[in-house]
Amino acid sequence: ARSFADIGDIVRGKDLYLGTNEEKKPLEENLKEIFKKLYEKLNDPQKSSYNDDGTGNYYKLREYWWNANRNDVWKAITCEAKSDDKYKIIKPDGTTKDSNKGQCRCITGDPPTNLDYVPQYLRWFEEWAED
């Protein structure tokens, strides 16, 4: 689920990992180009909702795209999971709860939301605390 949340951050332009310029810059430039092309294909009424802020990032469009496609991204990530693989939620008291019916999917078939909208730095704190 952390990878899923990280992909969401990258797509939405909210990734805090700085990395090196040779790693991050080509990715960001590709994302800018992809979302520019998507924006150009929108009809006029839709375009006004997703105008660029002058940076070429199209943050509103990126957010919309993630919301519209996150289910398919989750299915793609988990498509090779076995039917008895588990995705577990760790509760604040340290106990775990299964949140899936198979293939690491929630009972509803939706992707888990307990991490994908949690700010990245908070996910990092949780991950570091586990080590």
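The values are calculated or read from the model by the stated rules, or taken from the named source; none is laboratory data. All figures in this text were calculated on a predicted structure; none of them were measured in a lab. Note that we place each Cβ from the backbone using ideal geometry, even for glycine, and neighbour counts take in every protein chain shown.
Among residues of region 57-68 that are within 7 Å of F35 (Cβ to Cβ), those with a Cβ under 9 angstrom from a residue that is assigned to a helix (DSSP H, G or I) and of a type in the set (V, I, T), sequence gap 6+ or separate chain, pair up as R62/V11. Within region 27-53, residues that are in contact (Cβ under 8 Å) with a residue 24 or more places away in the chain reach partners that are among the basic types (K, R) and assigned to a helix (DSSP H, G or I) with beta carbons closer than 6 Å, at six or more positions or on different chains, in the pairs F35/R62. If you check T96, T20, T78, T55 for being at pLDDT below 70 and out of contact with any His (no Cβ under 9 Å at 6 or more places or on another chain), only one passes: T96. Just so you know, in region 3-26 the residues that are in contact (Cβ under 8 Å) with a residue 12 or more places away in the chain and of a type in the set (A, V, I, L, M, F, W, C) include one that is nearest to K60 (Cα to Cα), and it is V11.
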